[in-house]
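Chemist: The structure follows.
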Amino acid sequence: MQRRSAFTLIEVLIAIALMGLVLPALYQSVDVLHTSNRHLYTKIQQSREKSAYVRTLYLDIAGSDGNLSIGKNDFDRLCMEHTTNSLYGLSEAKVCWVVIKKQHTLVRIEGVAYHLPLRENERVEADSVKQGMTLFNIEQKNGKVLVVMQADGEKATAFLVQGITKPKLKKRKGSEKKPLQKLKKAPKKIQKTG
């Protein structure tokens with residue numbers, strides 16, 4: 001009896017047929033995995049972008065001296081007159097977060113002692129932070145600042161910063177009020193009739 005040293009034609013055809021059944025399923029699972037990784041990467045990028053501007057806003061508020069102004073008119077805005085969180089190396093910066101209503105764009109403006117709208121000689125750095133901002137609401141009460149914001153197609157984000165109190169006005173020398181002294185009534189002269 002002789003040993004077989006090769007596959008028969010039927011064995012090769014059966015192996016090819018089995019591979020024909022397994023490979024499409026394997027290809028489909030690899031394609032699903034690739035699509036899943038692409039979606040995950042997109043979500044991670046969006047999350048990084050969102051956490052970056054939320055973190056910056058949080059640090060701006062936490063680094064402020066408590067002198068916040070909140071405005072709602074042609075644009076929603078939050079301005080901090082003095083904050084230690086500067087993206088441009090300023091020792092103390094004025095920072096405003098503004099939502100421009102026409103474009104629904106969230107913008108961060110940083111500079112030193114500027115006004116909104118900007119005057120001719122004022123220099124600031126403005127960064128477009130997020131497009132499609134539909135909600136930007138800030139509330140300040142009892143040393144707490146609540147921020148709620150939402151962009152198109154995203155879940156709302158909210159956070160609370162505590163311990164943000166307005167600075168107390170310093171009294172200037174000589175302007176202190178002295179307590180009123182009680183006036184002593186002069187004794188009435190009694191006339192004796194006689």
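The values are calculated or read from the model by the stated rules, or taken from the named source; none is laboratory data. Because the structure is a prediction, the values reported are computed rather than measured. Here the Cβ positions follow ideal geometry from the backbone for every residue, glycine too, while neighbour counts run over all protein chains shown.
Chemist: Is it the case, given these coordinates, that Gln46 is more than 19 Å from Thr157 (Cβ to Cβ), outside any strand (DSSP E or B) and out of contact with any Gly (no Cβ under 7 Å at 6 or more places or on another chain)?
Modeler: It is false that Gln46 is more than 19 Å from Thr157 (Cβ to Cβ), outside any strand (DSSP E or B) and out of contact with any Gly (no Cβ under 7 Å at 6 or more places or on another chain).
Chemist: Further question: Identify all residues within the range 46-78 that are of a type in the set (D, E, K, R), over 12 Å from the mean Cα position of the chain (by Cα) and either surrounded by fewer than 17 Cβ atoms within 10 Å (Cβ to Cβ) or closer than 16 Å to Ile164 by Cα (or both); write none if there are none.
Modeler: Within the range 46-78, Arg48, Asp65, Lys72, Asp74 meet the criteria.
Chemist: Of the residues Ser36, Ser91, which single one is modelled with pLDDT of 90 or more and not in a strand (DSSP E or B)?
Modeler: Answer to the check: Ser36.
Chemist: Which residues, counting only those in the range 49-79, are acidic (Asp, Glu), touching a strand residue (DSSP E or B) at 6+ places or on another chain (Cβ under 7 Å) and not in a helix (DSSP H, G or I)?
Modeler: Residues satisfying the conditions are Asp65, Asp76.
Chemist: Which residue is nearest to Ala151 (Cα to Cα), if the candidates are limited to the range 86-104 and must be touching a residue at least 24 places away in the same chain (Cβ under 8 Å) and more than 13 Å from the chain's Cα centre (by Cα)? Before the answer, list the steps.
Modeler: Within the range 86-104, the subset touching a residue at least 24 places away in the same chain (Cβ under 8 Å) is 86-88, 95, 97, 99-101, 103-104.
Right, trim to more than 13 Å from the chain's Cα centre (by Cα) and you get 86-88, 100-101, 103-104.
Working: Ser86: 24, Leu87: 23, Tyr88: 26, Ile100: 13, Lys101: 13, Gln103: 12, His104: 9 Å.
Of everything passing the filter in the range 86-104, His104 is nearest to Ala151 (Cα to Cα).
Chemist: Could you check how many residues of the range 151-175 are part of a strand (DSSP E or B) and either hydroxyl-bearing (Ser, Thr, Tyr) or modelled with pLDDT of 90 or more (or both)?
Modeler: So the answer is 6.
Chemist: Condition first: under 18 Å from the mean Cα position of the chain (by Cα), among the basic types (Lys, Arg) and farther than 19 Å from Asn73 by Cα. Now tell me which residues in the range 105-149 satisfy that.
Modeler: Result: Lys130, Lys144.
Chemist: Asn137 - would you say it is part of a strand (DSSP E or B), of a type in the set (S, T, N, Q) and surrounded by fewer than 19 Cβ atoms within 10 Å (Cβ to Cβ)?
Modeler: So Asn137 passes the test.
Chemist: May I ask you to list the residues in the range 107-134 that are assigned to a strand (DSSP E or B), without any contact (Cβ under 8 Å) to a residue 40 or more places away in the chain and out of contact with any His (no Cβ under 9 Å at 6 or more places or on another chain)? Working first, answer last.
Modeler: Pass one, the range 107-134, residues assigned to a strand (DSSP E or B): 107-111, 124-130, 133-134.
Restricting the remaining residues to those that are without any contact (Cβ under 8 Å) to a residue 40 or more places away in the chain gives 107, 109-111, 124-126, 128, 133-134.
Val107, Ile109, Glu110, Gly111, Val124, Glu125, Ala126, Ser128 - these are the residues of the range 107-134 that are assigned to a strand (DSSP E or B), without any contact (Cβ under 8 Å) to a residue 40 or more places away in the chain and out of contact with any His (no Cβ under 9 Å at 6 or more places or on another chain).
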